Amino acid sequence: MKKLFSFALYDSAETIFGALIFSTFYPLYITQHIDPKLYSFLYGFAFFVSFFIALPLAKLADSKALRKHFFTFFALLTALFGVLLSLDIPVETNLFLYLCMVVLHQQAIVFYNSLLAGFSKRGFASGFGVAFGYLGSFVSLVFLARWLKVPEVFYQVSLIFLLLALPAMVSVPNPPSKREVRIREVIGDKKFLLLILSILSLTEVANTLIAMMSIYLKNVFLLKAEEIYRVIGLSALGGVLGGLVFGSLTDKVSAKKLFPLGFLLWTCFLLLLFFIPRDLVLILGLLGGLSLSHLWTTSRVLLIERFPVEEVSVRMSFLSLTERIASTTGLWVWSLFMLLTADNYRLSALMMVVFPTVGVMLYLLSRR
């Protein structure tokens, strides 16, 4: 139980750090000094760089069983670079340190996910972590954000991150399996690539939902700010509930059987966006949270189930890449649909159903 709580606390640390630093305070700070388009480009480029750093490191981690070592190293560096952002330094230097922190943080996530291989009940561990993550996000945005300000927020949140990350560094076991992984063989594995693309199809919808939900609720249902917060708050509750439920189910029926439920969940969610009346809009929040928690809980366990556990770090590198790609391409596609429909939010959302439709076909192909 100790290692389970330790694992989940890092998920909470990561979501608090992401919600307050990556999603809120740093973008608001840096875009006062540089063009938002330049920031967006550099931020995306950092994710691109992080993947090509993660691959050789993951290969080394799998061959020498260094997964926890790398996780600890990069989590500590993430906290350190976060503290440095609070220093009185030139904006250009601050931005460089931030982009380095983005890369370091991505490495920590890859090796953190690979630690799941050391649990006997991987589904529940994954789901428990997701549940704690949603709790962390809710607490940080509802209770912490209002009291924080730049530049102190950077060292304050970094220290919270470090405090919550320490138990995982101490208590979560290092998966002992080793194998010399050939990157070319992984890239040439058609079943793996098809599965990654099927996961990407759902992540596209998920990340677009996260980015656009408040705007959608405001423009389609004419909700006021407090009503929007209520819907988003209910999605956090759905995330906590979904993490616990789907985590338990993953261990009972396997991620292979449970993951396809995501295609149905996201299709139902998109259909509800189109048809649901204003009076029932709270249902959207609950279903959205359940759909998100299902995806985050099952996808990382699925890779461990279907492919050699000795290659877990390399495989998780690709999973991390899909999440970053989806952050950009999902919004590009949403913008295209809005353009084609003359800013019809309902119809644009309905057209996003193409993603789970294509995704389920890719998933079935990956099982052949």
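Taking the listed residues LEU200, LEU195, LEU223, LEU209, the one that is in contact (Cβ under 8 Å) with a residue 24 or more places away in the chain, within 18 Å of LEU271 (Cα to Cα) and of a type in the set (A, V, I, L, M) is LEU209, with no other qualifying. Restricting the stretch 147-173 to residues that are in a loop (DSSP other than H, G, I, E, B), surrounded by 15 or more Cβ atoms within 10 Å (Cβ to Cβ) and not β-branched (Val, Ile, Thr), the residue that is nearest to the chain's Cα centre (by Cα) is LEU148. Applying the criterion of being closer than 17 Å to PHE74 by Cβ and among the charged types (D, E, K, R) to the residues of the stretch 1-35, the residue that is modelled with the lowest pLDDT is GLU14.
Whether a residue is farther than 18 Å from GLY233 by Cβ, in contact with a Phe, Trp or Tyr (Cβ under 9 Å, 6 or more places away or on another chain) and crowded, with 23+ Cβ neighbours inside 10 Å was assessed, and LEU303 passes this test.
Just a yes or no: is a residue in the stretch 307-324 over 28 Å from LEU55 (Cβ atoms), among the hydrophobic types (A, V, I, L, M, F, W, C) and within 15 Å of the chain's Cα centre (by Cα)? The answer is no; no qualifying residue exists. Of all residues in the stretch 8-55, those being farther than 28 Å from ARG146 by Cα, buried (at least 16 other Cβ atoms within 10 Å of the Cβ) and either of a type in the set (Phe, Trp, Tyr) or under 17 Å from the mean Cα position of the chain (by Cα) (or both) number 5.
Have a look at SER158, SER140 and point out the one that is under 21 Å from GLU226 (Cβ atoms) and small (Gly, Ala, Ser). Outline the logic, then answer.
Numbers: SER158 fails: under 21 Å from GLU226 (Cβ atoms).
Going through SER158, SER140 in turn, just one is under 21 Å from GLU226 (Cβ atoms) and small (Gly, Ala, Ser): SER140.
Taking the stretch 179-188 as the range and being in a loop (DSSP other than H, G, I, E, B) and loosely packed, with under 15 Cβ neighbours inside 10 Å as the test, the residues that pass are GLU180, ARG182, GLY188.
Of GLY136, GLY123, GLY129, all but one fail to be crowded, with 20+ Cβ neighbours inside 10 Å, farther than 29 Å from GLU311 by Cβ and at pLDDT below 95; the exception is GLY136.
When you check SER214 against the structure, is it assigned to a helix (DSSP H, G or I), within 17 Å of the chain's Cα centre (by Cα) and either crowded, with 19+ Cβ neighbours inside 10 Å or at negative phi (or both), yes or no? Answer is no for this residue. Kindly evaluate PRO176 against the criterion of being of a type outside the set (Lys, Arg) and surrounded by fewer than 16 Cβ atoms within 10 Å (Cβ to Cβ). The answer is yes for PRO176.
Identify all residues within the stretch 57-82 that are over 19 Å from PRO175 (Cβ atoms) and surrounded by fewer than 19 Cβ atoms within 10 Å (Cβ to Cβ); write none if there are none. Within the stretch 57-82, LEU76, LEU77, LEU80 qualify.
Selection within the stretch 101-120: residues that are among the small types (Gly, Ala, Ser) and part of a helix (DSSP H, G or I). The member of this set that is surrounded by the most Cβ atoms within 10 Å (Cβ to Cβ) is SER114.
Per-residue answers, yes or no, for (1) within 22 Å of LEU217 (Cα to Cα); (2) hydroxyl-bearing (Ser, Thr, Tyr); (3) in a helix (DSSP H, G or I):
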position: GLY238; (1), (2), (3): yes, no, yes
position: GLY242; (1), (2), (3): no, no, yes
position: VAL245; (1), (2), (3): no, no, yes
position: SER248; (1), (2), (3): no, yes, yes
position: GLY262; (1), (2), (3): no, no, yes
position: LEU273; (1), (2), (3): yes, no, yes
position: ILE283; (1), (2), (3): yes, no, yes
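Looking at the stretch 289-368, the helices (runs of 4 or more DSSP H) lying wholly inside it that each contain 2 or more residues that are within 23 Å of VAL110 (Cβ to Cβ) sit at 312-340, 354-366.
Considering the conditions (1) modelled with pLDDT under 90; (2) in contact with a helix residue (DSSP H, G or I) (Cβ under 9 Å, 6 or more places away or on another chain), GLN107 is excluded by exactly one of them, (1). Just one of the listed residues (LEU223, LEU261) is in the same structural domain as VAL205 (by TED's automatic domain parsing), at pLDDT below 90, over 19 Å from SER120 (Cα atoms) and of a type outside the set (Ser, Thr, Tyr), namely LEU223.
Scanning the stretch 127-148 for residues that are free of Cβ contacts under 8 Å to residues at least 24 places away in the same chain and not hydrophobic (A, V, I, L, M, F, W, C) turns up just one, ARG146. Residue pairs whose Cβ atoms lie under 7 Å apart, separated by 6 or more positions or on different chains, with the first residue in the stretch 53-78 and in contact (Cβ under 8 Å) with a residue 40 or more places away in the chain and the second of a type in the set (Gly, Ala, Ser) and surrounded by fewer than 17 Cβ atoms within 10 Å (Cβ to Cβ), are ALA65/SER177.
The values are calculated or read from the model by the stated rules, or taken from the named source; none is laboratory data. Quick caveat: nothing in here was measured; it's all calculated off a predicted structure. Cβ sites come from the backbone with ideal geometry, for glycine too, and all protein chains shown count toward neighbours.
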